[in-house]
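Notes to accompany the following structure.
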Amino acid sequence: MQEPRLTPTSYIVLGLLEFAGRSSPYDLKRLVAESVGNFWMLQHAQLYTEPARLAAAGYVTEEREEEGRRRKLYEITDAGREAMEEWRRAPTGSVSELRDLGLLQLFFGSAPERLAPAQIEAHREKLAEYEALRERDTGAGPRGPWLALEAGIRAERSWVGYWEWVLAETG
């Protein structure tokens, strides 16, 4: 039997289960919103289908609650932990894909003098949100989430600067 191909969504599910422990798809959805959802976009439906696929491959266990809502609960297995460790050891050389609606609108002729102020405000709000999160860093625990947060802060600062430049150049 051929092992299933693990995708970025697979690693998100495995990583969140490794971090949070036994979780339902709804729990995973909440965890994504509070963490990787700030820099990695995925469809919520994937958080219901991917755990089942990973369970069929032996990377997670699946258990249905006996009572109540009878939710499915998933937990990472040793095989899932091993897959995560292998993935972490293999650095990626891929670069970010800019999927920015404002940039897309600008490309297709949206008026920069109307678009830029809205973009500046949106990116300043996101920057403030990220900086407020950073204030909660105690320096304890895993550093990965905080390092990723710093990337978000720096990206938002760059976006604010870019849109200010657009406004100055075209306004």
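Each value in this text was obtained by applying a stated rule to the coordinates, not by laboratory testing. Owing to the predicted nature of the structure, the values given are computational and were not obtained by experimental measurement. We place every Cβ from the backbone using ideal geometry, glycine too, and count neighbours over all the protein chains shown.
What are the semi-axes of the equivalent ellipsoid of the range 101-170, taken as the square roots of 5 times the eigenvalues of the Cα gyration tensor, listed largest first and rounded to whole Å? List each step's numbers first, then the result.
Values: eigenvalues 181, 22, 15 Å².
They are 30, 11, 9 Å, listed from largest to smallest.
Which helices, counted as full DSSP H runs in the chain, have an axial Cα extent of no less than 30 Å and a Kyte-Doolittle average of 0.5 or above?
Answer set is empty.
Could you list Val160, Val32, Val95 in order of exposure, starting from the residue whose Cβ has the fewest other Cβ atoms within 10 Å? List each step's numbers first, then the result.
Details: Val160 18, Val32 21, Val95 6.
Ascending Cβ contact count within 10 Å gives the list Val95, Val160, Val32.
Hey, fewest Cβ within 10 Å first, where do Ile76, Ile153 land in order?
The fewest-first ordering by Cβ neighbours comes to Ile153, Ile76.
Sort His44, His123 by Cβ crowding within 10 Å, fewest neighbours at the top. Show your work: numbers first, answer last.
Working: His44 13, His123 21.
In order of increasing Cβ crowding within 10 Å: His44, His123.
Tell me the label-point distance for the pair Thr49, Tyr26, using the 7 Å Cα-to-Cβ offset, in nm and rounded to one decimal.
So the label points at Thr49 and Tyr26 sit 2.2 nm apart.
Take the alpha carbon atoms of the chain, find their radius of gyration, then divide it by 2.2 N^0.38 Å using N residues; give the quotient.
Working it through for the chain, the quotient is 1.27.
I want the local charge near Ala128. Using Cβ-Cβ distances under 12 Å, sum +1 for each Lys or Arg and -1 for each Asp or Glu among the other residues.
-2
If you put +1 on each Lys and Arg Cβ and -1 on each Asp and Glu Cβ, how big is the dipole of the range 8-89 around its Cα centre, in Debye rounded to 20?
For this selection, approximately 280 debye.
For a quick check of your reading of the filter: which GluC sites (Glu not before Pro) in the range 57-160 sit in a DSSP loop and have no more than 11 other Cβ atoms within 10 Å?
Glu65, Glu66, Glu67, Glu97
For a Förster distance of 25 Å, can you work out the FRET efficiency between the beta-carbons of Arg70 and Glu3, rounded to the nearest 0.05?
Details: r = 30 Å, r/R0 = 1.19.
Plugging the Cβ-Cβ distance into 1/(1 + (r/R0)^6) gives 0.25.
What's the center-to-center distance, using Cα atoms, between the range 1-23 and the range 79-124 in Å?
Distance between centres, Cα-based: 22 Å.
What is the extension gain from Glu169 to Ala122, computed as 0.36 nm multiplied by their sequence separation minus the C-alpha to C-alpha distance, in nm to one decimal?
Gain on stretching Glu169 to Ala122: 15.0 nm.
How far apart, in nm, are two points set 7 Å out from the Cα along the Cα-to-Cβ line at Ala132 and at Ser94?
3.1 nm
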